[in-house]
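Novice: Once you've had a glance at the structure underneath, I'll fire off some questions.
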Amino acid sequence: MRHSAIYPGTFDPLTLGHYDLIERASGIFDRVIVAVAEHSRKKTLFTVAERVDLARRATRKLPNVVVKPFRGLLIDFARDQKIHVLVRGIRAFSDFEYEFQMALTNRKLAPGIETLFLMPKEAYSYINSSTVREIAERGGDIRGFVPAGLVGPIQRKCRGGRDR
C-alpha cells in the first residue's frame, strides 16, 4: 500500500505532540498505523496493552488510523504490513541526530522503506512522555499535555491506581 504509513513509538503515554503528528499524517496518507512497540530499551510505566488502549482512545475520531502493537524490528513489521513509509517526529535538533541514525540504519536494512520526518506544532515541541509521567506522578495537571480522554487513565496509573 503506497498510500499508507506507519508511525511507530513507545507512546508511554501518548502526548499531544504524538497526536498532532498522527492527525497530520492521517491527512497525508490514506491509512496510518500507529505502531506501539512492545519492547524497547525504555522501561515503560504502561503495559503494551494499556498503551495500545490509550492510543486507540486518542485516535478513535480519525477513521483512517489504526493502532497495532509490534515486536521485533520495525522494518519487519512494515514489511509484514506491506507499508513503505515510516513517519517519525522531530521536536528539536537533539531528536534529529538519533532519528537520522535510525533512518539510515533502516534504509541499510530495508532500502525500499522510506522515513518521513514531521515536526509537531511549536506548542507541542517541548512535550515528551517522560515529563508527562513525572507531572502526573506528582499530582500535577496534565490536561495541556495529553488528549483529553487520556487524562484520567494516566493520572490513575501514575498514582498507582489511587484517586486524588
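Novice: When you scan segment 126-139, how many residues do you find that are closer than 25 Å to Arg56 by Cβ and either assigned to a loop (DSSP other than H, G, I, E, B) or of a type in the set (D, E, K, R) (or both)? Spell out how you get there, then give the answer.
Specialist: As a first pass, look at segment 126-139 and keep what is closer than 25 Å to Arg56 by Cβ: 127-137.
If we keep only those that are either assigned to a loop (DSSP other than H, G, I, E, B) or of a type in the set (D, E, K, R) (or both) as well, we get 127-128, 133-134, 137.
So the count comes out to 5.
Novice: Something else: Mind checking which pairs have a first residue in segment 78-99 that is at negative phi and a second that is of a type in the set (S, T, N, Q) and open to solvent by 90 Å² or more (accessible area, probe 1.4 Å), Cβ under 8 Å, 6 or more apart or different chains?
Specialist: Nothing qualifies.
Novice: Give segment 78-135 a look and list any residue that's among the charged types (D, E, K, R), open to solvent by 70 Å² or more (accessible area, probe 1.4 Å) and within 24 Å of Asp30 (Cα to Cα), or say none.
Specialist: Step one: list which residues in segment 78-135 are among the charged types (D, E, K, R), which gives 79-80, 82, 88, 91, 95, 97, 99, 107-108, 114, 121-122, 133-134.
After this cut, where a residue has to be open to solvent by 70 Å² or more (accessible area, probe 1.4 Å) as well, the list is 79-80, 82, 91, 97, 107-108, 114, 121-122, 134.
Answer for segment 78-135, where residues must be among the charged types (D, E, K, R), open to solvent by 70 Å² or more (accessible area, probe 1.4 Å) and within 24 Å of Asp30 (Cα to Cα): Arg79, Asp80, Lys82, Arg107, Glu114, Lys121.
Novice: Pairs needed: first member in segment 144-157, within 18 Å of Gly17 (Cα to Cα); second member anywhere, of a type in the set (Ser, Thr, Tyr) and open to solvent by 40 Å² or more (accessible area, probe 1.4 Å); C-beta distance under 7 Å; at least 6 residues apart or different chains.
Specialist: Sorted first by the residue in segment 144-157, then by its partner, the pairs are Pro147/Tyr19.
Novice: Let me ask you something else. Any chance segment 18-33 includes a residue that's open to solvent by 10 Å² or more (accessible area, probe 1.4 Å), in contact with a strand residue (DSSP E or B) (Cβ under 7 Å, 6 or more places away or on another chain) and under 19 Å from Ala136 (Cβ atoms)? Let's see the steps before the verdict.
Specialist: Taking segment 18-33 first, the residues open to solvent by 10 Å² or more (accessible area, probe 1.4 Å) are 18-19, 23-24, 26-31.
With the extra rule that they be in contact with a strand residue (DSSP E or B) (Cβ under 7 Å, 6 or more places away or on another chain), the set shrinks to 18, 24, 26, 29-31.
With the extra rule that they be under 19 Å from Ala136 (Cβ atoms), the set shrinks to 18.
For segment 18-33, residues open to solvent by 10 Å² or more (accessible area, probe 1.4 Å), in contact with a strand residue (DSSP E or B) (Cβ under 7 Å, 6 or more places away or on another chain) and under 19 Å from Ala136 (Cβ atoms): present.
Novice: What is the number of the single condition among (1) part of a helix (DSSP H, G or I); (2) farther than 29 Å from Phe96 by Cβ; (3) touching a helix residue (DSSP H, G or I) at 6+ places or on another chain (Cβ under 9 Å); (4) not polar (S, T, N, Q) that Gly152 does not meet?
Specialist: So the condition that Gly152 fails would be (3).
Novice: Please work out if Arg57 is within 18 Å of Val132 (Cβ to Cβ) and open to solvent by 60 Å² or more (accessible area, probe 1.4 Å).
Specialist: Values: within 18 Å of Val132 (Cβ to Cβ): yes; open to solvent by 60 Å² or more (accessible area, probe 1.4 Å): yes.
Here the answer is yes, as Arg57 does meet what is asked.
The values are calculated or read from the model by the stated rules, or taken from the named source; none is laboratory data. Since the structure is predicted, the reported quantities are computational estimates derived from the model, not experimental observations. Because the Cβ atoms are built from the backbone with ideal geometry, glycine has one as well, and the counts that use them run over all protein chains shown. Side chains are part of the model used for accessible areas, which takes the heavy atoms of the whole protein and leaves out ligands, DNA and RNA. Shrake-Rupley method; radii C 1.70, N 1.55, O 1.52, S 1.80 Å.
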